[in-house]
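Okay, structure first, notes after.
The values are calculated or read from the model by the stated rules, or taken from the named source; none is laboratory data. All figures in this text were calculated on a predicted structure; none of them were measured in a lab. Here the Cβ is made from the backbone with ideal geometry for all residues, glycine too, and neighbour counts use every protein chain on show. Remember, those area values only see protein heavy atoms, side chains included, never the ligands or the DNA or RNA. Shrake-Rupley method; radii C 1.70, N 1.55, O 1.52, S 1.80 Å.
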Amino acid sequence: MPTVTVRTETQADAKQVEKVLFQAFGNREDESELVKRIRQSEGFIPELSLVAEQNGEIVGHILLSKAKVVNGDQQTGVIALAPLAVDPKHQKQGIGGLLIQEGVERCRKLGYELVLLIGHPAYYPKFGFKPARPYGLELKQFDVSDDVFMVCELQDGALGRIKGVLMYPEVFL
Ligand SMILES: CC(C)(COP(=O)(O)OP(=O)(O)OC[C@H]1O[C@@H](n2cnc3c(N)ncnc32)[C@H](O)[C@@H]1OP(=O)(O)O)[C@@H](O)C(=O)NCCC(=O)NCCS
């Protein structure tokens, strides 16, 4: 398999990223619209918008951005992973996994303690994600089953200590 590089997205990548999102999500524009809204929001962290590049072509994209876990009057800054997309022609070659691993590692280095997501329950556990509700994390903005609401612990002890309701920023709603 040709070498795949995972790197920070630049402005010049935007059109190709849009195309990957469009193709990966079944020719719907919802996800690229979501990415545009997040990029323009307060929760955007430029080094957490990553692309996978192969032979000069963008073949995958991941975005991780700021969210909050709210518990009474306490708030903890966490990271929400969404969306993740790999061009259909390049799927099942490990590219999604490379993007998740690099994204999560960057979050850890930035000092974040948890990454949360809504996603495929057969996919994300390969990369350290597990169901979030058993750890006292809740989601009310979206009505989803227990197995798709997942969390990855980045710092020992964070799971179980940080409890409350995950609040996605307005741009996700
Ligand atoms: C999900 C996605 C990002 C995975 O990217 P990828 O580069 O193909 O993933 P990887 O190569 O790292 O992993 C492939 C593995 O995940 C599995 N997998 C992929 N999509 C899956 C899904 N929806 N549910 C369960 N398993 C899935 C594959 O069967 C494969 O398993 P194997 O390693 O045991 O053979 C890609 O399929 C995609 O863009 N899908 C459409 C958009 C989407 O659903 N995004 C995620 C939203 S939560």
**Complete:** Among the residues of the range 1-57, the number that are surrounded by fewer than 20 Cβ atoms within 10 Å (Cβ to Cβ), aliphatic (A, V, I, L, M) and outside any helix (DSSP H, G or I) is 4
**Prompt:** Taking into account only those residues within the range 159-173 that are part of a loop (DSSP other than H, G, I, E, B) and touching a residue at least 60 places away in the same chain (Cβ under 8 Å), which is least open to solvent (accessible area, probe 1.4 Å)?
**Reply:** TYR168
**Prompt:** Taking into account only those residues within the range 103-144 that are under 19 Å from THR76 (Cα atoms), assigned to a helix (DSSP H, G or I) and hydrophobic (A, V, I, L, M, F, W, C), which is nearest to the ligand (Cβ to nearest atom)?
**Reply:** VAL104
**Flag if GLU33 is over 30 Å from GLY160 (Cβ atoms) and in contact with a Ser or Thr (Cβ under 8 Å, 6 or more places away or on another chain)** = no
**Fill in**
Of the listed residues (LEU64, LEU81, LEU21), the one being within 12 Å of the ligand (Cβ to nearest atom), within 30 Å of GLY136 (Cα to Cα), at pLDDT 95 or above and among the hydrophobic types (A, V, I, L, M, F, W, C) is LEU81
**Message:** Among the listed residues ASP147, ASP156, identify the single one that is among the acidic types (Asp, Glu), open to solvent by 40 Å² or more (accessible area, probe 1.4 Å) and either closer than 16 Å to LYS68 by Cβ or within 16 Å of the ligand (Cβ to nearest atom) (or both).
**Reply:** ASP147
**Item:** Flag if GLN93 is surrounded by 15 or more Cβ atoms within 10 Å (Cβ to Cβ) and part of a loop (DSSP other than H, G, I, E, B)
**Value:** yes
**Prompt:** In this structure, does GLU113 turn out to be over 26 Å from VAL86 (Cβ atoms) and buried (at least 18 other Cβ atoms within 10 Å of the Cβ)?
**Reply:** yes
